[in-house]
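The values are calculated or read from the model by the stated rules, or taken from the named source; none is laboratory data. Please read these numbers as outputs of a predicted model, since none were measured by experiment. Positions of Cβ are generated from backbone atoms using ideal geometry, with glycine treated the same way; all protein chains shown enter the neighbour counts.
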Amino acid sequence: MDKMTVFKAQQWAFSFIKDHGKDPSVADLLLQGQLNWSTTEMLMNYQTQLSAEQLERFFTNVKLYCQDWPAQYLLGKANFFGLEFKVNEATLIPRPETEELVEWILETEPKTSLRVLDIGTGTGAIGLSLKHERPAWEVTLSDISPQALAVAKENKQALKLEATLIESDLFQNITGKFDVIVSNPPYIAESEADLMDKSVLEHEPKTALFAPDEGLYLYKKLAEKLSKYLTKQGKLYLEIGFQQGPSVVEIFSKAYPTAKVQLRQDITGHDRMVKVSF
Ligand SMILES: C[S@@+](CC[C@H](N)C(=O)[O-])C[C@H]1O[C@@H](n2cnc3c(N)ncnc32)[C@H](O)[C@@H]1O
């Protein structure tokens, strides 16, 4: 393949992606991500020649994106809360909604030393972002998937953050008590699979997406054992599906009648988070 300028390669990718009915702005994401360039660097380098190798990788990624591969898996990385996380097909791609859960914790909890447990950590996105913002917190990351936990370990090392990693089915291998437990568990009902994007369904891990019992299984399991792992005034923060607000509030209100259970909406106005305060 001959050399080509960044500008020409971008133009080609734009029209190729458009012709396939997908989002042309992903062309920039793929090229910038591959070259590790900021938007400014991209603008300053429009006339730079790309090597045949660089072009081949870019064209391949553009074509795979048009075949429903998520751009983040093609690049092997995703941004979350201002940090770069390695991702692969063993981990969910961290979502912007989840950044709002991190923000809620940061604006509510004291900056002083706290013990924090992130259950179902995946890439480590929630727990490592919290540790990055609050170095005094002692953070534990757990996941049922050893492959996901291996990615969380790489992210912890790349970001130079301290955290304990534990392979565990919910609380099974967890000991001690925590001031904050946070979880974005799998919460999609199997019956909703038909409505999902092909790129999510075909590439993201099923153990990260689906849960039995209309998606409520993990919330019910968390509620059963929660009090044993929270300090007296501890708090649980959860991400939920936008239709699950009333059901999740009911699960925790029934299990802990004296606790305060709060529902919170995301930036688009959908029910998205629940906090249980003891
Ligand atoms: C929706 S993903 C969330 C990943 C990450 N916390 C985030 O917000 O991007 C759910 C995660 O929970 C993990 N998981 C599923 N069942 C679990 C269980 N029983 N115990 C612990 N982790 C579980 C999955 O492997 C997956 O990494």
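The residue list Glu99, Glu107, Glu103 contains one member that is without any contact (Cβ under 8 Å) to a residue 40 or more places away in the chain, in the same structural domain as Arg134 (by TED's automatic domain parsing) and touching a strand residue (DSSP E or B) at 6+ places or on another chain (Cβ under 7 Å), which is Glu99. Quick check on the stretch 146-171: of everything there that is out of contact with any helix residue (DSSP H, G or I) (no Cβ under 6 Å at 6 or more places or on another chain) and near the ligand (Cβ under 8 Å from one of its atoms), which residue is farthest from Leu216 (Cα to Cα)? My answer is Ala148. Of everything in the stretch 16-29, what is over 27 Å from the mean Cα position of the chain (by Cα), surrounded by 12 or more Cβ atoms within 10 Å (Cβ to Cβ) and free of Cβ contacts under 8 Å to residues at least 24 places away in the same chain? Give them in sequence order. Scanning the stretch 16-29 gives a single hit, Lys18.
Scan the stretch 249-256 and give yes if some residue there is within 28 Å of Thr112 (Cα to Cα) and either away from the ligand (no atom under 15 Å from the Cβ) or of a type in the set (D, E, K, R) (or both), otherwise no. Within the stretch 249-256, one or more residues are within 28 Å of Thr112 (Cα to Cα) and either away from the ligand (no atom under 15 Å from the Cβ) or of a type in the set (D, E, K, R) (or both). Note on the stretch 120-166: residues that are part of a helix (DSSP H, G or I) and surrounded by fewer than 18 Cβ atoms within 10 Å (Cβ to Cβ) amount to 9. Kindly indicate whether any position in the stretch 167-175 is surrounded by fewer than 19 Cβ atoms within 10 Å (Cβ to Cβ) and part of a helix (DSSP H, G or I). Among the residues of the stretch 167-175, not one is surrounded by fewer than 19 Cβ atoms within 10 Å (Cβ to Cβ) and part of a helix (DSSP H, G or I), which makes the answer no. Whenever a residue of the stretch 178-195 is loosely packed, with under 15 Cβ neighbours inside 10 Å, its partners that are not in a helix (DSSP H, G or I) and not hydrophobic (A, V, I, L, M, F, W, C), lying with C-beta atoms within less than 8 angstrom and at least six residues away or across chains, give the pairs Glu190/Pro212. Residue count for the stretch 172-197 under the criterion of being in contact with a helix residue (DSSP H, G or I) (Cβ under 8 Å, 6 or more places away or on another chain) and charged (D, E, K, R): the result is 2.
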